[in-house]
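Asks: The following block contains the structure, expressed as structure tokens.
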Amino acid sequence: MAWLEKRGNVYHVNFRIGQNKFKKSLRTRDEREAMQLLARVDRRIRLVEQGDLSIPEDAEITTYVVSDGRLENSARKKTRAIRTIGKLFQEFRESLNGDSLEENTKYTLGIHLSHIERVLGGNVSTRNLTVDQIQKYIDERFKQKGRRGRPISPVTIRKELASFRGVWSWAEPRGFVRGHFPNQGLRYPKANEKPPFQTLSEIERQVSRGGLTDVEECELWECLFLSIDEIQDVLKCVERSARQSFIFPMFVLAAHTGARRSELIRSQANDIDFDGQCVTIRERKRVKGKRSFRTVSLSPSCRDVMREWLKQTTGRFTFSQNGDPLTVDAATYHFRTTLDGAKWEKIRGWHMFRHSFISNCASKGVDQRIIDDWVGHQTDEMRRRYRHLFPNVQQKAIASVFGRK
């Protein structure tokens, strides 16, 4: 099927072959000429779909179809086609050397592409990739288990396919693949909403009742957020057990600013302004395609810890090893080993400090607009997920309505 589209005064032809959609300028302003060319394109597409015409491997498909099947130099591909997704992913990975992508992004892309290649198979043809094959990937991936034996989330599968689509978008203008990525009409399983964040006492009560699987218990601990007093207890524990000098100030900055792990890693010494009593957070998520910044006020205790720390260290980065910024793996390793065997070893990661920071600010009545500025939240969904009042605050609120017994 082919159809016309007028852009400005020039006609373009759109058409599909299989699941792939193509577009080509007809370079004419004359409607009658455009209709004649449309009829020719329709005829060529029918021949292809009936198997009476094969498009040559070295043909640029839009030019070949619009030129009535004449394979002239202009219709030949200027670059080689890559026939399998295994080769395509290999070419993409090689292109990332020296790329401006953040190391954490490259790491995540690598994981996603490895799953796709493993489940679909590296020998799957890029030329004949269909929606049905992508749907099969979704169905198969959902049956598998992820970290700690949990089912793979539909959100995770969507992210994996978004990475695949990104590779395809990179490859298409280079002539490595043909047509658009076949993702129209895909069906994803329903996702379960994440459990609400909960206090330490709430989680401990549920665990003590018993009956939870290991996976369910892990999910509860990932929803932990702590009060100010509990945060202080964690920081005292870290100060006693830290094996490296940068670990304690890194924990303090996370707890008192709500900075993400990646933001702590990117932090530079000049970002901390003691005179202005604030710290600049280097973002990568809030503004697509841009490095953005936000500012968080420094608490008095955080200011004192960071001032003392920066007297002891040199170099560009706030936290480093041998002058180099920490990697994601190193930051995770130091977090786990610092709390291993301690009272707080159930804490799953750096992000606990972020939603504890938000919840504590909300429970103290800090204006939501200020919280948004400090942590970079932009949507109501983010606010609902991260902002939680402590049970005693909620009890006081309901008692103010119905009175006390």
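Asks: If each of residue 35 and residue 373 carries a label point 7 Å out from its Cα toward its Cβ, how far apart are those two points in nm?
Replies: With each label placed 7 Å out from Cα toward Cβ, I get 6.2 nm.
Asks: Which far-off residues, 5 or more places away or on another chain, put their amide H under 5 Å from the one on residue 326, with H placed in the peptide plane?
Replies: Hits under the 5 Å cutoff: 321.
Asks: For the stretch 87-236, what D do you get in µm² per second when you plug the Kirkwood radius from alpha-carbon pairs into Stokes-Einstein at 25 °C and 0.890 mPa s? Walk me through the numbers on the way to the answer.
Replies: On the way: Rh = 18.4 Å.
Reported coefficient: 134 µm²/s.
Asks: In debye, nearest 20: dipole of the stretch 225-400 around its Cα centre with unit charges on the Cβ of K, R (+) and D, E (-)?
Replies: My answer is approximately 560 debye.
Asks: Something else about it: What order, most packed first, do the peptides 33-45, 200-212 have when packing is the mean number of other Cβ atoms within 10 Å of each residue?
Replies: Top to bottom by mean Cβ count within 10 Å: 33-45, 200-212.
Asks: Contact order normalised by length for the stretch 247-405, with contacts defined as Cα pairs under 8 Å and 6 or more residues apart; what percent is it? Please report the intermediate quantities before stating the final value.
Replies: Numbers: 174 pairs, mean separation 41.5, N = 159.
Result for the stretch 247-405 is 26 percent.
Asks: List the pairs from 106/159; 236/343; 236/346; 343/396 whose alpha-carbon separation is above 18 Å, in the order I gave them.
Replies: On the way: 106/159 14 Å; 236/343 11 Å; 236/346 16 Å; 343/396 30 Å.
Violating the 18 Å limit, Cα to Cα: 343/396.
Asks: Which pairs in the list 87/145; 87/143; 6/190; 21/87 are over 30 Å apart, alpha-carbon to alpha-carbon? Kindly include the intermediate steps, with their values, before the conclusion.
Replies: Details: 87/145 27 Å; 87/143 26 Å; 6/190 39 Å; 21/87 23 Å.
Among 87/145; 87/143; 6/190; 21/87, the Cα-Cα distance tops 30 Å for 6/190.
Asks: Next question, about the same structure. Please enumerate, by chain and number, the aspartates and glutamates with C-alpha under 16 Å from the C-alpha of residue 23, excluding those fewer than 8 residues away in the same chain.
Replies: Filter leaves 5, 42, 60, 68, 172.
Asks: Now a separate question. Using the charge dipole of the chain (Lys, Arg: +1 at Cβ; Asp, Glu: -1 at Cβ; taken about the Cα centre), state which of 152, 270, 55 has its Cα farthest towards the positive end.
Replies: The listed residue farthest towards the positive side: 55.
Asks: Can you give the FRET efficiency for residue 316 and residue 16, using 1/(1 + (r/R0)^6), R0 = 51 Å, r = Cβ-Cβ distance, to the nearest 0.05?
Replies: Numbers: r = 52 Å, r/R0 = 1.02.
FRET efficiency, residue 316 to residue 16: 0.45.
Asks: Search the structure for amide H atoms under 5 Å from the amide H of residue 278, placed 1.01 Å from N in the peptide plane, and list their residues when 5 or more places away or on another chain.
Replies: Those qualifying (amide H under 5 Å, at least 5 residues apart or on another chain) are 273, 298.
Asks: 5 Å is the cut-off here: which amide hydrogens, built 1.01 Å from N in the peptide plane, fall below it relative to residue 294, excluding neighbours closer than 5 in sequence?
Replies: Close amide H contacts, sequence-distant or interchain: 281, 283.
Asks: Rg and Dmax of the chain, using alpha carbons, in Å: what are they?
Replies: Spelled out, the Cα radius of gyration and Dmax of the chain are 27.7, 89 Å.
Asks: Express the relative contact order of the chain as a whole percentage, based on alpha carbon pairs under 8 Å and six or more residues apart in sequence. Can you show the working numbers first?
Replies: On the way: 476 pairs, mean separation 44.9, N = 405.
Relative contact order for the chain comes out at 11 percent.
Asks: Moving on. Points 7 angstrom from Cα along the Cβ direction at residue 241 and residue 170: gap in nanometres?
Replies: In this crude spin-label approximation the distance works out to 4.0 nm.
Asks: Now a separate question. Give the residue from 322, 247, 138 lying farthest towards the positive end of the charge dipole for the chain; charges sit on Cβ (+1 for Lys and Arg, -1 for Asp and Glu) and the dipole is referred to the Cα centre.
Replies: Farthest towards the positive pole: 138.
Asks: Give me the dipole magnitude in Debye, nearest 20, for the chain about the Cα centre, with unit charges on the beta carbon: positive for Lys and Arg, negative for Asp and Glu.
Replies: Values: 73 positive and 51 negative charges, 180 e Å.
For this selection, approximately 860 debye.
Asks: Assuming R0 = 22 Å, what is the FRET efficiency of residue 324 and residue 162, from their Cβ-Cβ distance, to the nearest 0.05? Mind showing how you got there, number by number?
Replies: Numbers: r = 30 Å, r/R0 = 1.38.
Result of the calculation: an efficiency of 0.15.
Asks: Which peptide among 351-364, 316-329 comes first, and what is the full order, when sorted by highest mean count of other Cβ atoms within 10 Å?
Replies: Numbers: 351-364: 20.6, 316-329: 15.4.
Order by mean packing, descending: 351-364, 316-329.
Asks: Distance in nm between label sites at residue 187 and residue 401, each 7 Å beyond Cα in the beta-carbon direction?
Replies: With each label placed 7 Å out from Cα toward Cβ, I get 4.1 nm.
Asks: Per DSSP H run of at least 4 residues, take -39500 (n - 2.57); add these up for the chain, divide by its residues and hand me the 222 nm value, nearest 500 deg cm²/dmol. Walk me through the numbers before you get to the answer.
Replies: Details: 17 runs with 200 residues, N = 405.
Counting only the DSSP helices, I get -15000 deg cm²/dmol.
Rule-based calculations on the coordinates, nothing more; no lab input. Bear in mind the structure is a predicted one, so any value in this text is a computation, not a measurement. Positions of Cβ are generated from backbone atoms using ideal geometry, with glycine treated the same way; all protein chains shown enter the neighbour counts.
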